[in-house]
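S.K.: Submitted below is the structure of interest, expressed as C-alpha cells.
Only the coordinates and a few stated rules stand behind these numbers; no lab work does. Keep in mind that this is a model prediction, so the values were computed, not measured. Every residue, glycine as well, gets a Cβ built from its backbone with ideal geometry; the counts of neighbours run over all protein chains shown.
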Amino acid sequence: MELPFAEPYKIKVVEPIRRSKRQEREQWIREAGYSLFQLRSEQVFVDLLTDSGTGAMSHNQWAEIMTGDESYAGSASFFKLKDVINTRLDMPYFVPTHQGRAAENLLFSALIKEGDLVPGNAHFDTTKGHIEFRRATAVDCTIDEAADTTMIHPFKGNINTDKLEKVFKENPREKIPLCIITITCNTSGGQPVSMQNIREVSALCKKYGIPVFFDAARFSENAYFIKMREKEYATHSIENIVLEMYSHVDGATMSSKKDAIANIGGFVACRDKALFEKISMYCILYEGYLTYGGLAGRDLAAVAQGLIEGMDFDYLESRIGQVAYLGQKLAEYGVPCQLPTGGHAVFVDAKKFLSHIPKEEYQAQTLAVELYLEGGVRGVEIGTLLADRDPVTRENRYPELELLRLAIPRRVYTNNHMDYVAACLGNIYENRHKITRGFRIVKEAPIMRHFTVRLERL
Ligand SMILES: *Cc1c(COP(=O)(O)O)cnc(C)c1O
C-alpha cells in the first residue's frame, strides 16, 4: 500500500481559537461596516484573510529570534541574511525593509517618475498603488487564459510576450523604467510563472534595454510549481530552480511575510551597484540604517532562517498540498473556483457563485460576508473593491475576475480546518439563491479603499 501524505513537522505550541454564534457574528460584522478588515481577530474562527506574516515560525526561527543581534550597525543577524541572499538567490546587493511595500517604495523612488509605464503580470495592489501614487501606469500583460477561471493552464501567471513587446514598441525606452514579474502572481490567483516565460520575458527586456525585477513574495512556491509542472525541471532541486529564476532578473522586491515564513520583513535585492547606492539613500531616509532597514535584528535572523526553510521541498509539498486539498473539497461541493488552485490560496469565483447579484453590488464582498456569517471564516474580496476607482474618471473599475480569496497561513491550520471551511462554503452554495442583494459603499478612501471601506446592506 502506498503510504498517505503527512506533514513534515509536528506541533509544539498551540493557540486556542474560539467558535462563535451566528447571532454574535451578525452584530460584529454590522458594527464592522461589513468590512472583514474591521473585525477583531477574536471574532474570527478560521482566519484566511491573508497568508502574509501569519505563518507559524519553526523552532529554529524562534531560536534565531532569541539570538538575534540588536546592534544598530553591522548586526550579525544582518550578515546572516546577507549570506542567504548572496548565496541562495545569487543577488550581490540588498537592503532590508520592514515589509514588501517598503521595498517597492525604495526601488520605485529610485526608478519611477511621473508618466512612466510599468508593464508586468497583474501587479499586486500595493505595487500598483506605489506606481499610481507616482502618477505612473501599471500595464497588465498577463496571458488571457488567466481570466478564464475554468481553463486548466499550468502557468496562469505567465506574461504574454506579444503584449509586452507592444508596450516596448509603442513607447520610448525612457518611459519604461522596469518590467515586473510577480511570482507567483497573487492577483491572478496565486498562479505561477514558468521558467520558460521568465527566460523569454528577460530576453525581451534585455533586447529593449529595460531592467526586469521580480516581485518575489512567493518565489519558493513558484519554484515548486516549476519543478512539478515544467518537465525539464522535474529532477532539479528547488534550490537550483530558485538560482536559475533569479539569474534571469536584475533584482527583486520581497515581502518576507510570505515565503520567508516570518511575521514581518522584506528587502530589495539587485545586481547593479549604482542602483543599490540610490536605493540605500532612500532606505536610510524611509526605513533605517542599511544593516537593519526598519527591522529588529531578531527579525532579520528569522527571515534568513525562514528563506532557507521556505525552499525545502517537503515543506512546499505540504504547504501547496493543503491549498490543493481545500480546492478539491470545494470542487466536491460544486463551488466554482479558479482552476488549478494556486500556491497560497484558493480563489472562489464569486461572479459564477453569485451570478444573480449585479457586479455593482460587489459579488465577492457579498460572498465574503456570507462566509463569515456562516462559520466565522474570514476570507478577502479580490474584486471591484480592491480594484479601486479609475484615477482619472473616478468610476469603479470592474475587473475581469471577481474573487473571494481564501489565503492559507503557512503551517497554521490542519486539514480539519479546511474541511470546516469547505463545508461552510458548500452550505452557502446550496442556498445561494436566498442571497438576493449585495452592498453599497457608504465611506471609502481615495486609494486602496478596500482596507477601510464601510458598506451598507441593500
Ligand atoms: C504581500 C505582497 C506584497 C507587499 O508586501 P507587504 O509585506 O504586505 O508590504 C507585494 N507583492 C506581492 C505579490 C505580495 O503578495
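S.K.: Show me 182-194, 242-254 ranked by packing, highest mean number of other Cβ atoms within 10 Å first.
M.R.: Working: 182-194: 27.8, 242-254: 22.7.
Listed from highest to lowest mean packing, they are 182-194, 242-254.
S.K.: Could you tell me which trypsin sites (Lys or Arg not before Pro) in the range 25-95 are loop residues by DSSP with no more than 16 other beta carbons within 10 angstrom of their beta carbon? The partial results should precede the final answer.
M.R.: On the way: sites: Arg25, Arg30, Arg40, Lys80, Lys82, Arg88; in loops: Arg40.
Loop-located and lightly packed - Arg40.
S.K.: If I model a spin label as a point 7 Å beyond the Cα along the Cα-Cβ vector, how far apart are those points for Leu3 and Gln23 in nm?
M.R.: Label-label distance for Leu3 and Gln23, simple model: 5.0 nm.
S.K.: Dividing the convex hull volume of the Cα atoms of the chain by its residue count, what figure in Å³ per residue is obtained? Please report the intermediate quantities before stating the final value.
M.R.: Numbers: hull volume 66.9 nm³, N = 458.
Convex hull of Cα atoms, per residue: 146 Å³.
S.K.: When the chain is fully extended, how far beyond the present Cα-Cα distance does Lys207 get from Asn60, taking 0.36 nm per residue of separation? Please list the in-between numbers first.
M.R.: Working: separation 147, 0.36 × 147 = 52.92 nm, distance 4.39 nm.
Going from the current span to full extension adds 48.5 nm.
S.K.: OK, next. Which aspartates and glutamates have a Cα less than 12 Å from the Cα of Lys207, not counting those fewer than 8 places away in the same chain?
M.R.: Here the aspartates and glutamates satisfying the reach criterion relative to Lys207 are Glu165.
S.K.: Got a sec? Charge dipole of the range 17-77, +1 on Cβ for Lys and Arg, -1 for Asp and Glu; which of Gly33, Met57, Ile17 is way out at the positive end?
M.R.: Highest projection toward the positive end goes to Gly33.
S.K.: Kindly provide the Kirkwood hydrodynamic radius of the range 59-310 in Å, to one decimal, from all pairs of distinct alpha carbon atoms. List each step's numbers first, then the result.
M.R.: Numbers: mean 1/r = 0.0553 Å⁻¹.
Taking the inverse mean of 1/r over all distinct Cα pairs, the range 59-310 comes out at 18.1 Å.
S.K.: Continuing with the same structure: What FRET efficiency would be calculated for the residue pair Asn171, Arg440, taking the C-beta separation as r and a Förster radius of 45 Å, to the nearest 0.05?
M.R.: On the way: r = 38 Å, r/R0 = 0.85.
Computed FRET efficiency for Asn171 and Arg440 comes out at 0.70.
S.K.: If the only charges are +1 at each Lys and Arg Cβ and -1 at each Asp and Glu Cβ, what is the size of the charge dipole of the range 52-127 around the Cα centre, to the nearest 20 debye?
M.R.: Working: 5 positive and 9 negative charges, 19 e Å.
So the magnitude is around 100 debye.
S.K.: Taking a cut-off of 21 Å between Cα atoms, list the lysines near Lys128, but don't count ones fewer than 8 places away on the same chain.
M.R.: Output for Lys128: Lys113, Lys156, Lys163, Lys166, Lys175, Lys257, Lys258.
S.K.: Using 7 Å Cα-to-Cβ label points, what is the Lys231/Ile284 separation (nm, one decimal)?
M.R.: 5.4
S.K.: Roughly how many nanometres apart are two label points built 7 Å out from the Cα toward the Cβ at Ala147 and Glu200?
M.R.: In this crude spin-label approximation the distance works out to 1.9 nm.
S.K.: OK, next. Please list, in order along the range 72-87, the HN-Hα scalar couplings obtained from phi with the Karplus expression 6.51 cos²θ - 1.76 cosθ + 1.60 (θ = phi - 60°), rounded to whole Hz, x for Gly and Pro.
M.R.: My calculation for the range 72-87 gives 4, 10, x, 4, 4, 5, 4, 5, 4, 5, 4, 4, 5, 5, 5, 8 Hz in order.
S.K.: Once you have a ≥ b ≥ c as the square roots of the Cα gyration tensor eigenvalues for the range 307-373, tell me rounded if a/c is under 1.5, and otherwise prolate or oblate according to whether a/b is larger than b/c.
M.R.: Working: a/c = 3.07, a/b = 2.30, b/c = 1.34.
In terms of gyration-tensor shape, prolate.
S.K.: Which lysines have a Cα less than 16 Å from the Cα of Lys359, not counting those fewer than 8 places away in the same chain?
M.R.: Within reach: Lys351.
S.K.: So, one more: Please report the spacing between the Cα centers of the range 426-443 and the range 65-129 in Å, no decimals.
M.R.: About 40 Å separates the Cα centre of the range 426-443 from the one of the range 65-129.
S.K.: Ok, one more. About its Cα centre, how strong a charge dipole does the range 1-105 have in debye, to the nearest 20, once Lys and Arg get +1 and Asp and Glu get -1 at the Cβ?
M.R.: On the way: 13 positive and 15 negative charges, 80 e Å.
Here the range 1-105 has a charge dipole of around 380 debye.
S.K.: How high is the relative contact order of the chain, in percent, with contacts defined as C-alpha pairs under 8 Å that are six or more residues apart?
M.R.: Details: 948 pairs, mean separation 103.3, N = 458.
This gives 23 percent for the chain.
S.K.: Let me ask something else. Rounded, prolate or oblate: which fits the range 86-200 when a ≥ b ≥ c are the square roots of the eigenvalues of the alpha-carbon gyration tensor, with rounded for a/c under 1.5 and prolate only if a/b beats b/c?
M.R.: Values: a/c = 1.60, a/b = 1.21, b/c = 1.32.
Note, shape of the range 86-200 comes out oblate.
S.K.: Positive end of the dipole of the chain, charges at C-beta (+1 Lys, Arg; -1 Asp, Glu), about the Cα centre: which of Ile284, Ser256, Gln305 has its Cα farthest in that direction?
M.R.: Working it through, the farthest residue towards the positive pole turns out to be Ile284.
S.K.: Can you say what percent of the DSSP beta bridges in the range 59-310, counting only those with both residues inside, are antiparallel? Round to 5. Numbers along the way, then the final one.
M.R.: Working: 12 of 24 bridges.
Expressed as a percentage, antiparallel bridges in the range 59-310 total about 50.
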